[in-house]
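A.B. asks: Pasting a structure here, questions to come.
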Amino acid sequence: MRKIFVEKGKIKGKFAYVDGKDFHHLIHVLRYKVGDKIVVSDMAEEHLGRIEKIEALCQ
């Protein structure tokens, strides 16, 4: 199972928010989709979870 690293502020409650190059790599290169399991780390803790939603934010 892949591990993805995020900044500490990107984990909020039960959710981790992945954006930028990490989002692109996870969705377009590794082809993860809703329901896939993943490990998310903020360098202090690791969280096992699954992808609940994929949403590209336009700025």
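The values are calculated or read from the model by the stated rules, or taken from the named source; none is laboratory data. On a predicted model such as this, the values are computed, not experimentally measured, just so you know. No Cβ is skipped: glycine too gets one built from the backbone with ideal geometry, and neighbour counts run over all protein chains shown. Surface areas here come from the heavy atoms of the whole protein model, side chains and all, with no ligands, DNA or RNA. Shrake-Rupley method; radii C 1.70, N 1.55, O 1.52, S 1.80 Å.
A.B. asks: List pairs: first residue in the stretch 1-19 and touching a residue at least 24 places away in the same chain (Cβ under 8 Å), second residue open to solvent by 100 Å² or more (accessible area, probe 1.4 Å) anywhere in the structure, Cβ distance under 6 angstrom, at least six positions apart or on different chains.
C.D. replies: Listed by first residue and then by second, the contacts come to 1/37; 10/17.
A.B. asks: Just give me the residues in the stretch 2-46 being on the phi > 0 side of the Ramachandran plot and in contact with a strand residue (DSSP E or B) (Cβ under 7 Å, 6 or more places away or on another chain), in sequence order.
C.D. replies: Just the residues of the stretch 2-46 that are on the phi > 0 side of the Ramachandran plot, to begin with: 13, 20, 31, 35, 43.
Answer for the stretch 2-46, where residues must be on the phi > 0 side of the Ramachandran plot and in contact with a strand residue (DSSP E or B) (Cβ under 7 Å, 6 or more places away or on another chain): 35, 43.
A.B. asks: Of everything in the stretch 15-32, what is within 15 Å of residue 56 (Cα to Cα) and surrounded by 10 or more Cβ atoms within 10 Å (Cβ to Cβ)? Give them in sequence order.
C.D. replies: Of everything in the stretch 15-32, those that are within 15 Å of residue 56 (Cα to Cα) and surrounded by 10 or more Cβ atoms within 10 Å (Cβ to Cβ) turn out to be 16, 17, 18, 19, 22, 23, 24, 25, 26, 27, 32.
Rundown of residues vs (1) out of contact with any Gly (no Cβ under 6 Å at 6 or more places or on another chain); (2) modelled with pLDDT of 90 or more; (3) open to solvent by less than 40 Å² (accessible area, probe 1.4 Å); (4) of a type outside the set (D, E, K, R), yes/no style:
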| position | (1), (2), (3), (4) |
| --- | --- |
| 13 | yes, no, no, yes |
| 34 | yes, yes, no, yes |
| 48 | yes, yes, no, yes |
| 52 | yes, yes, no, no |
| 56 | yes, no, no, yes |
